[in-house]
């Protein structure tokens, strides 16, 4: 049996899609959460000096996107066709582009508050409308999941939406198809079980 160890901070963020893949696949792994104050002691042991890192039978793998696609391919969550895989990447890259607009680095509280309003009311609103349009146009009428069957893109959507909803509860009000998708994903038994037991973190 393959032995997995996942190293990341005690947050969801870039490791959560990986954790969700394990949850959906019913695969056991060691979820190693490193507190921020302890990170300097571990940094030199990580190949790129960053996390998440997935250790597979003693070999360390890096880069969250690459790890996610590796596991999704291994456990049947990457897509059935080349076009499915393409569309999964499209949705994931849209979410990545959106995440870069979040004002993480802003330290001035007043300025951050202003930037957050811009992020939520403009950047997020526009991105969600575009995603909903693509979802309706390109899933061939199959509205259960983004590309017709549960895959890595759905898990990325869930992770992003978990954060967005925690910041603004009604943020999905203008995109009913995506809102329904988000609800369906969270009700999948293995995912629901994981959500009920995972550590409660801000993001």
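The values are calculated or read from the model by the stated rules, or taken from the named source; none is laboratory data. What you see is a predicted model, and the numbers here were worked out from it, not measured in a lab. Every residue, glycine as well, gets a Cβ built from its backbone with ideal geometry; the counts of neighbours run over all protein chains shown.
Some notes on this structure:
- Failed item, numbered, when residue 40 is tested on (1) modelled with pLDDT under 95; (2) assigned to a helix (DSSP H, G or I): (1)
- Residue 97 meets each of the listed conditions (1) under 17 Å from residue 179 (Cα atoms); (2) exposed (fewer than 14 other Cβ atoms within 10 Å of the Cβ); (3) touching a residue at least 12 places away in the same chain (Cβ under 8 Å) apart from (1).
- Single residue of 57, 31, 38 found to be without any contact (Cβ under 8 Å) to a residue 24 or more places away in the chain and either loosely packed, with under 14 Cβ neighbours inside 10 Å or within 18 Å of the chain's Cα centre (by Cα) (or both): 38
- The test for being on the phi < 0 side of the Ramachandran plot, outside the structural domain of residue 166 (by TED's automatic domain parsing), free of Cβ contacts under 8 Å to residues at least 60 places away in the same chain and not in a loop (DSSP other than H, G, I, E, B) holds for residue 14.
- Within segment 188-203, the set of residues being modelled with pLDDT of 95 or more and surrounded by 10 or more Cβ atoms within 10 Å (Cβ to Cβ) comprises 188, 190, 191, 192, 193, 194, 195, 198.
- Being part of a helix (DSSP H, G or I), free of Cβ contacts under 8 Å to residues at least 12 places away in the same chain, under 16 Å from the mean Cα position of the chain (by Cα) and surrounded by fewer than 18 Cβ atoms within 10 Å (Cβ to Cβ) is a description that applies to residue 66.
- Looking across segment 124-145 at every residue that is in contact (Cβ under 8 Å) with a residue 12 or more places away in the chain and surrounded by fewer than 17 Cβ atoms within 10 Å (Cβ to Cβ), the one that is nearest to residue 185 (Cα to Cα) is identified as 144.
- Residue match in segment 157-166 (condition: assigned to a helix (DSSP H, G or I), free of Cβ contacts under 8 Å to residues at least 24 places away in the same chain and surrounded by 14 or more Cβ atoms within 10 Å (Cβ to Cβ)): yes
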